[in-house]
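A quick write-up on the structure given underneath.
The values are calculated or read from the model by the stated rules, or taken from the named source; none is laboratory data. These numbers come from a predicted model, not from an experiment. Note that we place each Cβ from the backbone using ideal geometry, even for glycine, and neighbour counts take in every protein chain shown. Note: areas computed on protein heavy atoms with side chains; ligands, DNA, RNA excluded. Shrake-Rupley method; radii C 1.70, N 1.55, O 1.52, S 1.80 Å.
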Amino acid sequence: MLDWENIFATRATRMRASEIRELLKLLDQPDIISFAGGIPDPALFPDEAFKQAYGDIFSGPRANAALQYSISEGYKPLREWLVTEMVKIGIPCSVDNVFITSGSQQALDYIGKLFLSPKDTALVTWPTYLGALQAFNAYEPTYDQLSLNGNRTPDGYREAAAKAGGAVKFAYLSADFANPTGETVDRPGREKLLALADELDIAIIEDAAYQNLRYDGEPVPPIMALDIARSGGIENTRTIYSGSFSKTLAPGLRVGFVVAAMPVIRKLVLMKQAADLHSSTINQIAIAHVAERIFPEQVAKIRKAYSARRDAMLAALARYMPAGTSWTKPEGGMFVWVRLPEGMDGGELLARSIQTEKVAFVPGRAFYADGSSNNTLRLSFSCASETMIEEGIQRLGRLIGTAVAEAA
Ligand SMILES: Cc1ncc(COP(=O)(O)O)c(C=O)c1O
């Protein structure tokens, strides 16, 4: 029998099943309260608007075009709509700076492919979005911790990368309501990052998947906007902005986008020609149709629902978590990040939690490029009702309280 492992490329050794996806398979039992997912609430999808969009497409004069191959850059009216949105957040650009992807996950894969030779270094936050690690892993990089608190120097990064056998190529981060921590990088932090990127002469990958989901506090300008403000225009920037319609409209259509300087876009277009030719024509048209008609109302609707759930989760955590635990207070997004007392293990806690309390979450370790940190958990509030959140956090608090008492 063929030993497949023998003939897989070296990059395949780093492709492993995501802990989260494996876990989601176990969560179909109806009595589990799940804070594990981190996906949008389907009850909030603008399904009527999509029904109208597909109906209009098929009854209109361009029905056949919607079913046909199209250009790799993406559907032009959608890119034009994005240009107007980008201007509103301080990112003046032209339609040629906008490239449509099949979800922003595809952008991460292309970015890995475009920048990372084996052993090159990608700087990522500790913890970071697990899907970014999965996308970059295929290109056999080394990871180093992106730190903005001044404890690392540019020379330190350069030396570590050279020792690993490559060079630092980019810093990847989700600066607004990050997955998994819910935290936002403040303006001085963003400016420090730009200064570090200048010193290292690397790109910054700004993953803006959650940027529209702010519930309170003042918006912080996108890193790309700060970069444009100081450099004079998008063609002088080192930031690559990756956006998505998954969290605002619907993830099932798989439509995301990249905004960047032309040399980057030109390469991405070539990569797309090789990978999948273009993103779904009809889905791009439907997204444009819906976005042009209801985007602000839809964003207001989901902000209202998720912010009430965020409030319910923070209130329940304050009521039920035992002493020695701490958690983030996100101003948006879908996640709260819980830190347990040192020595506790999130994985073991999950096994116990599913058995005894029927509450699910994601242990934090999967989000660390070096697998460190056992005593953290990611809780998502996007898909649970306020009543379920109250009940689930009460149960989780009870379980953690018992585990803390046992360890004492
Ligand atoms: C931070 C972050 N980036 C990117 C993605 C990918 O989203 P999509 O491919 O649906 O745009 C996700 C999905 O959860 C995410 O959390």
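Odds and ends about this structure:
- Residue in the range 247-254 that is within 27 Å of S385 (Cα to Cα) and polar (S, T, N, Q) present: yes
- For the residues A366, A300, A308, A316, the requirement of being open to solvent by 10 Å² or more (accessible area, probe 1.4 Å) and either closer than 17 Å to A36 by Cβ or among the polar types (S, T, N, Q) (or both) singles out A366.
- Matching residues in the range 247-283 - criterion: being open to solvent by 10 Å² or more (accessible area, probe 1.4 Å), within 13 Å of the ligand (Cβ to nearest atom) and in contact with a strand residue (DSSP E or B) (Cβ under 9 Å, 6 or more places away or on another chain): P251, R254, F257
- When D41 is tested against (1) surrounded by 16 or more Cβ atoms within 10 Å (Cβ to Cβ); (2) of a type in the set (D, E); (3) in contact with a strand residue (DSSP E or B) (Cβ under 9 Å, 6 or more places away or on another chain), only condition (3) is not met.
- Candidate set: the range 374-405, residues that are surrounded by 21 or more Cβ atoms within 10 Å (Cβ to Cβ) and in a helix (DSSP H, G or I); chosen: the one nearest to the chain's Cα centre (by Cα): I389
- Cβ-Cβ contacts under 7 Å between residues 6 or more apart (or on different chains), taken from a first residue in the range 314-340 that is under 29 Å from T248 (Cα atoms) and of a type in the set (V, I, T) to a second residue that is open to solvent by less than 60 Å² (accessible area, probe 1.4 Å) and part of a strand (DSSP E or B), are listed as T328/V336; T328/W337; V336/W327; V336/L379; V338/W327; V338/T376; V338/L377; V338/L379.
- Among all positions in the range 108-120, there is no residue which is touching a strand residue (DSSP E or B) at 6+ places or on another chain (Cβ under 7 Å), surrounded by fewer than 20 Cβ atoms within 10 Å (Cβ to Cβ) and under 25 Å from L377 (Cβ atoms).
- When E331 is tested against (1) out of contact with any strand residue (DSSP E or B) (no Cβ under 8 Å at 6 or more places or on another chain); (2) at pLDDT 95 or above, just one condition goes unmet, and that condition is (1).
- Selected residue (criterion: surrounded by the fewest Cβ atoms within 10 Å (Cβ to Cβ)) from residues of the range 199-246 that are of a type in the set (S, T, N, Q), more than 21 Å from D186 (Cβ to Cβ) and within 16 Å of the ligand (Cβ to nearest atom): S246
- P180 meets the conditions (1) out of contact with any Phe, Trp or Tyr (no Cβ under 6 Å at 6 or more places or on another chain); (2) buried (at least 22 other Cβ atoms within 10 Å of the Cβ) in every case but one. The failed one is (1).
- Test: residue in the range 188-195 that is in contact with a strand residue (DSSP E or B) (Cβ under 7 Å, 6 or more places away or on another chain), charged (D, E, K, R) and modelled with pLDDT of 95 or more: no
- Here R352 meets the list (1) crowded, with 23+ Cβ neighbours inside 10 Å; (2) among the charged types (D, E, K, R); (3) outside any strand (DSSP E or B) almost entirely, failing just condition (1).
- All conditions in (1) more than 16 Å from G256 (Cβ to Cβ); (2) open to solvent by less than 10 Å² (accessible area, probe 1.4 Å); (3) within 16 Å of the ligand (Cβ to nearest atom) hold for Y157, with the sole exception of (3).
- The criterion of at least 1 residues that are in contact (Cβ under 8 Å) with a residue 40 or more places away in the chain, away from the ligand (no atom under 13 Å from the Cβ) and farther than 25 Å from G371 by Cα is met, among helices (runs of 4 or more DSSP H) falling completely within the range 36-149, by 47-59, 63-66, 76-88, 103-115.
- Of the residues making up the range 195-246, those that are more than 30 Å from V290 (Cα to Cα) and among the basic types (K, R) are R230, R238.
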